[in-house]
1. Given R₀ = 35 Å, FRET efficiency for His216-Val101 by Cβ-Cβ distance, to 0.05?
2. How long is the gain from Asp76 to Lys4 if the chain were fully straight, where each residue apart is worth 0.36 nm and the alpha carbon distance is subtracted?
3. Calculate the FRET efficiency for Glu225 and Asp66 from the Cβ-Cβ distance with a Förster distance of 45 Å, rounded to the nearest 0.05.
4. Hey, with R₀ at 22 Å, roughly what FRET efficiency would Asn179 and Val240 work out to, going by the Cβ-Cβ distance, to 0.05?
5. Read phi for every residue in segment 179-187 and hand back ³J(HN,Hα) as whole Hz from Karplus 6.51 cos²θ - 1.76 cosθ + 1.60, θ = phi - 60°, with x for Gly and Pro.
6. Would you mind working out the magnitude of the charge dipole of segment 142-287 relative to its Cα centre, with +1 at each Lys and Arg C-beta and -1 at each Asp and Glu C-beta, to the nearest 20 Debye?
7. Between Ser92 and Thr159, with labels modelled 7 Å along Cα→Cβ, what's the label distance in nm to one decimal, could you check?
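Nothing in this text is a laboratory measurement; each read-out follows from the coordinates by a stated rule. Values in this document were obtained by computation on a predicted structure and should not be read as measured data. Cβ coordinates were reconstructed from backbone atoms using ideal geometry, including for glycine residues, and neighbour counts include every protein chain displayed.
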Amino acid sequence: MALKDLLVHLDHTETARVRLNLAADLARRHGSRLTGLYVRELDSGQVHAQSTGEFGLVSAADLSRDSRRNAQAADDTAQRLAQELDALRAKSGLEVELRSVAGSAASVVPQHARFADLCILGQHTPTAPSSDGHTFSETVLFSAGRPVVFVPADGSFGTLGRHILVAWNSSRASARALNDALPLIEHAERVTVLAINPSQYMERYRALAPEQIVAHIRHHNPNVEAVGLEKIARDSIAEVVQAEAGRRGADLIVSGAFGHPKLWEQVMGGVTRDLLAGMTRPILMSY
């Protein structure tokens, strides 16, 4: 499947511009249509101020003034984003669209993501965690039904998907992520398959050797190599994946998400949450 319809979540933060530039680079290389989604949602500070007012701790006049100020800030952000997308269209010739939608980003973004081939998000958003304790990133990952690329909150990234590192453990989750990443892999200049503790999962689950998945990927991209690391402690797997990606110059990590039951992951943490919390470069995940 080709990547012909990309969605990038935008907000008022400076990191939104980083996401937009990465999405544009990807759209140019894949000939994709690019949609920027801006959700007019109060951030955690604005929500707190509004709640304080509703409990009568500030006057009605102050509450009304704050409401107008928030609406104006949202209008200003939408106008600025529209100008940036217009400039992007004029410079690159891409087909771009800005959608400005009122509501909760945790509800709005998954709905729009289902009508795109790939969704690009930030590592963090200004909104607070949802009532079930999940972060915005986790909520979209659980509910979108589409592959999601998370972009770190810190750092400068010029490209996305030119050198892809695939974190492989022969699980259903890693197979799903790899399959969803194939359109990116086919266009990549280089692919590295990182197998951590392969002898353990080969013995425990009778899994095939990592060389088998390399042979499969080679049908899509001949420039692929395998790297195997043994005796890596489970609580350091996320750090090792990030470190290997940095050492090899990868600009995108592909990883399965939540290979264990959700309740277990919520109680114990897990590689998925560690990767999202400590990411140093973009990560594609599927669930």
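1. It comes out at approximately 0.35.
2. 23.0 nm
3. After rounding, the FRET efficiency stands at 0.20.
4. For Asn179 and Val240, the calculated efficiency is 0.40.
5. 4, 5, 8, 4, x, 6, 4, 4, 9
6. Computed charge dipole of segment 142-287: roughly 260 debye.
7. 1.5
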